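Asks: Pasting in a structure now, in structure tokens, and then I'll have a few things to ask.
The values are calculated or read from the model by the stated rules, or taken from the named source; none is laboratory data. A quick note: this is a predicted structure, and the numbers were derived from the prediction, not measured. Cβ placement follows ideal geometry from the backbone for every residue including glycine, while neighbour counts extend to all protein chains displayed. Just so you know, the surface numbers come from the protein's heavy atoms only, side chains and all, with ligands and any DNA or RNA stripped out. Shrake-Rupley method; radii C 1.70, N 1.55, O 1.52, S 1.80 Å.
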Amino acid sequence: QVQLVESGGGLVHSGESLRLSCVASAAPDISINAMGWYRQAPGRQFNQVATMFSSTGSTKYAEFVKGRFTISRDISKNAWYLQMNNLKPEDSAVYYCAAWTVNWDPADADHWGQGTQVTVSS
């Protein structure tokens, strides 16, 4: 079983930064193959934001965050992060961390965090 606990959301002004954190608790025999972040704003699609693959450290980003958001991890803490710079009002959403313990499928994750609200005022 895997549990994901998120933190770091909040209210910021346009152009400011936030860092989201996700800490995973997993049984010793479970490996997280990929980790990532998704977001959903009211009335909008559920969008993949960023993904990191455990074995290689390679990353994928949605076009709308490239150059502004960075996903990173701390293996020792079983945690990953989303550094969000130059935030825009359209980045306002509930952000969810995600983990895959089987095959990576961008359409759905195996495990989800509880979500954290990010609000960017203009």
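Asks: In the full protein assembly as shown, how much of Glu63 is accessible to a 1.4 Å probe, in Å² to the nearest 10?
Replies: Probe radius 1.4 Å; accessible area of Glu63 about 140 Å².
Asks: Given a 1.4 Å probe and the protein chains all in place, what does the accessible area of Thr56 round to, in Å² to the nearest 10?
Replies: Estimated to the nearest 10 Å², Thr56 gives 100 Å².
Asks: Where both partners of a DSSP beta bridge lie in the chain, what percent of those bridges are antiparallel, to the nearest 5?
Replies: On the way: 40 of 44 bridges.
About 90 percent, rounded to the nearest 5.
Asks: Could you tell me what percent of the accessible area of the chain is made up of carbon and sulfur, with a 1.4 Å probe and every protein chain present?
Replies: 48
Asks: May I ask for log10 I(q)/I(0) of the range 1-96 at q = 0.10, 0.15 Å⁻¹, from a Debye sum over the Cα atoms as equal point scatterers with solvent left out?
Replies: Values, matching the q order: -0.26, -0.59.
Asks: A further question on this structure: Could you tell me the accessible area of His111 in Å² (1.4 Å probe, neighbours in place), rounded to the nearest ten?
Replies: Spelled out: His111, probe radius 1.4 Å, area about 30 Å².
Asks: Still on this structure, I have one more. The range 38-114: which trypsin sites (Lys or Arg not before Pro) are DSSP loop and have at most 12 other beta-carbon atoms within 10 angstrom?
Replies: Sparse-neighbourhood loop trypsin sites (Lys or Arg not before Pro): Arg44, Lys66.
Asks: Apply the Karplus parameterisation 6.51 cos²θ - 1.76 cosθ + 1.60, with θ equal to phi minus 60°, to every residue of the range 106-122 and state each ³J(HN,Hα) to the nearest whole Hz, in sequence, with x for glycine and proline.
Replies: For the range 106-122, the Karplus-derived couplings read x, 6, 6, 9, 7, 9, 10, x, 7, x, 9, 7, 10, 10, 10, 8, 7 Hz, x marking Gly and Pro.
Asks: What is the spin-label model distance, in nm, from Leu11 to Thr56 if the labels are put 7 Å beyond Cα along the C-beta direction?
Replies: Taking the two extended label points, one gets 4.2 nm.
Asks: Tell me, what is the FRET efficiency for Asp105 and Arg44 to the nearest 0.05, using R0 = 25 angstrom and their Cβ-Cβ distance as r?
Replies: 0.75
Asks: Still on this model: Taking a cut-off of 22 Å between Cα atoms, list the lysines near Lys88, but don't count ones fewer than 8 places away on the same chain.
Replies: Qualifying lysines at Cα under 22 Å: Lys60, Lys66.
Asks: List the aspartates and glutamates whose Cα sits under 16 Å from the Cα of Lys77, skipping any in the same chain fewer than 8 residues away.
Replies: Glu6
Asks: Now for a separate question. Could you provide, to the nearest whole Å², the per residue accessible area of the chain with probe 1.4 Å?
Replies: Solvent-accessible surface per residue comes out at 52 Å².
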